[in-house]
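What follows is a short report on a single structure.
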């Protein structure tokens, strides 16, 4: 077995760069985390369960969520089992990446895991709003995916619409939401340790 170590690479028998392994791990953790966040989100907004996107999210996450639900019940309409699982995945992500770098986070991992969960949810909201805005320009008539995106974002955009009126029939709520999210991100980057680096 050939092992080569430097700042960027650790090559094993198959000569796989450590950077590639870290990239794949990040992708796997982030994809799973997004699926779990969307599942909690769908239940929170009481989205259409029979929508194809809802069905996909539920079926993909069921093998992990269903066993945990037997132990952790929901509370106030909130899927605590899925939420705690998402937090565990977010924490495990940075524990794993730190271990590969030869570092130990200790109790700090639980704090970083919470930040990752919150930031990933915000990033997901940002992406969904961008996709929804683009689809609204090109999709004509009813579209199942666009409908579920509207259901996911409505709790965030409705309060903005109540304050910011339409101008010439143009809905400015998305623009205001984008600006608000960027301002919040900047403020948190300057006030919360590790927020900017995760």
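Restricting attention to helices (runs of 4 or more DSSP H) lying wholly within region 17-125, give those where 1 or more residues are free of Cβ contacts under 8 Å to residues at least 40 places away in the same chain and either within 22 Å of residue 185 (Cβ to Cβ) or touching a strand residue (DSSP E or B) at 6+ places or on another chain (Cβ under 9 Å) (or both). Steps first, answer last, please.
Numbers: elements: 18-44, 52-69, 80-100.
Qualifying helices (runs of 4 or more DSSP H): 18-44, 80-100.
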Of everything in region 182-198, what is out of contact with any helix residue (DSSP H, G or I) (no Cβ under 6 Å at 6 or more places or on another chain) and under 25 Å from residue 44 (Cβ atoms)? Give them in sequence order. 182, 183, 184, 185, 187, 188, 192
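May I ask you to verify whether residue 49 is surrounded by fewer than 16 Cβ atoms within 10 Å (Cβ to Cβ) and touching a helix residue (DSSP H, G or I) at 6+ places or on another chain (Cβ under 8 Å)? Spell out how you get there, then give the answer.
Numbers: surrounded by fewer than 16 Cβ atoms within 10 Å (Cβ to Cβ): yes; touching a helix residue (DSSP H, G or I) at 6+ places or on another chain (Cβ under 8 Å): yes.
Yes.
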Taking residue 140 and the conditions (1) assigned to a helix (DSSP H, G or I); (2) surrounded by fewer than 14 Cβ atoms within 10 Å (Cβ to Cβ), which numbered condition does it fall short on, given that it satisfies the others? (1)
Per the list (1) part of a loop (DSSP other than H, G, I, E, B); (2) surrounded by 15 or more Cβ atoms within 10 Å (Cβ to Cβ), residue check on residue 188 breaks on (1)
Residues located in region 9-46, provided they are touching a helix residue (DSSP H, G or I) at 6+ places or on another chain (Cβ under 6 Å) and modelled with pLDDT under 90: 9, 10
Output yes when any residue across region 157-170 is surrounded by 15 or more Cβ atoms within 10 Å (Cβ to Cβ) and within 21 Å of residue 33 (Cβ to Cβ), and no when none is. no
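Considering only residues that are under 17 Å from residue 152 (Cα atoms) and under 17 Å from the mean Cα position of the chain (by Cα), look in region 52-77 and name the one that is surrounded by the most Cβ atoms within 10 Å (Cβ to Cβ).
Pass one, region 52-77, residues under 17 Å from residue 152 (Cα atoms): 52-58, 77.
Next, only the ones that are under 17 Å from the mean Cα position of the chain (by Cα) stay: 53-54, 56-58.
On the way: 53: 17, 54: 19, 56: 12, 57: 22, 58: 17.
My answer is 57.
Given the criteria modelled with pLDDT of 90 or more and surrounded by 12 or more Cβ atoms within 10 Å (Cβ to Cβ), does residue 94 qualify?
no
The values are calculated or read from the model by the stated rules, or taken from the named source; none is laboratory data. Here the structure is a predicted model, which means the values were calculated and not measured. Ideal geometry is used to build each Cβ from the backbone, glycine not excepted, and the neighbour counts take in all protein chains shown.
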